[in-house]
1. Rank these residues by their accessible area, most exposed first, probe 1.4 Å: 88, 180.
2. Provide the gained length on full extension for the span residue 176 to residue 133, in nm with one decimal, where the gain is 0.36 nm per separating residue minus the Cα-Cα distance.
3. Which order do the peptides 73-79, 125-131 take when ranked by the mean count of other beta-carbon atoms within 10 Å per residue, highest first?
4. Calculate what fraction, in whole %, of the accessible area of the range 183-248 sits on carbon and sulfur atoms when a 1.4 Å probe is rolled over the protein chains.
5. Before I look further, what does the range 110-257 give for accessible area per residue, probe 1.4 Å, in whole square angstrom?
6. Among residues other than residue 103 whose Cβ falls under 13 Å from its Cβ, what is the net charge (Lys/Arg +1, Asp/Glu -1)?
7. Report, to one decimal in Å, the Kirkwood hydrodynamic radius for the range 176-249 based on all distinct Cα pairs.
8. How would you classify the range 99-141 from its alpha-carbon gyration tensor, with a ≥ b ≥ c the square roots of the eigenvalues: rounded for a/c under 1.5, else prolate if a/b is greater than b/c, otherwise oblate?
Amino acid sequence: MRLARLTLLAAAPALVVGLTACGHSSDSAKSTTTATTKSTSAAGSATTAPGPPPVVPTRSPNPTRPPAPTPSPADVNCGPVTGANGGSADVIAYSNQAGIPGCTEAVTVASDYVNATRTGDAAQVDGWTCEPQPDTDVPHICFKDGFQLGLRGTAAPNPPAPPTTTPPPTTSPAPVGDASCGTVTDAGGGIRTVVAVGTPAGRVGCTEAINVATQYVQTVSDTDVASIDGWSCNAQPDTAIPSICAKDGLLINLLAH
């Protein structure tokens, strides 16, 4: 029995050491697990974090209108031209990636552009496209194959004349001649010749003229003025045409026979 107790005491330190080692191993595993969890959590956070906003493409420039020329110290002033409007402008050959237009061609194109009648739209001039632009300093530009030139000043083409409406020609109506409509007999037995007179208002028909004249000359009245069917008839101091009737610019003469 004594021998067995000694054996157990001798083995006790080894058991303590083993338990201690097991304790350290558990803590180490716990630390490793915690680190792994943190690493996984960090990785998950990096994956779910919002990225930068998407890039929205900008609108491409109008293909028929190039960007406005950017002034450069390398630009060349090729000299002035005079436009059809009487204004003057310097021809500027702009420097860009395509190069610098030659002054001879630049001046020729600019001169041909401003010495013509053009609308405000783009125009083809000597193989170049020239057009107005919203720039008070350089209000006109021309471009071709990447080359650009501008007109710095007031020279410009003549605008088209405004449309005009030509009124139809005013023609005076052909003058209407007189018409002799026959004779009527007055209340005293005298003969009167009835004439439908041509006037700017026209000419009364003979049938109406005879009817009016007949009623007038056959009416016995103490006055020389009478109203017959809307006509105003009266005597007048004229031995050739002693009586007339008038209505709305029309005229009937009653001649002495």
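1. 180, 88
2. 9.2 nm
3. The densest-packed peptide leads the list: 125-131, 73-79.
4. Carbon and sulfur together cover 50 percent of it.
5. I get 57 Å² per residue for this part.
6. -3
7. 12.6
8. Oblate.
The values are calculated or read from the model by the stated rules, or taken from the named source; none is laboratory data. A quick note: this is a predicted structure, and the numbers were derived from the prediction, not measured. Cβ coordinates were reconstructed from backbone atoms using ideal geometry, including for glycine residues, and neighbour counts include every protein chain displayed. Note: areas computed on protein heavy atoms with side chains; ligands, DNA, RNA excluded. Shrake-Rupley method; radii C 1.70, N 1.55, O 1.52, S 1.80 Å.
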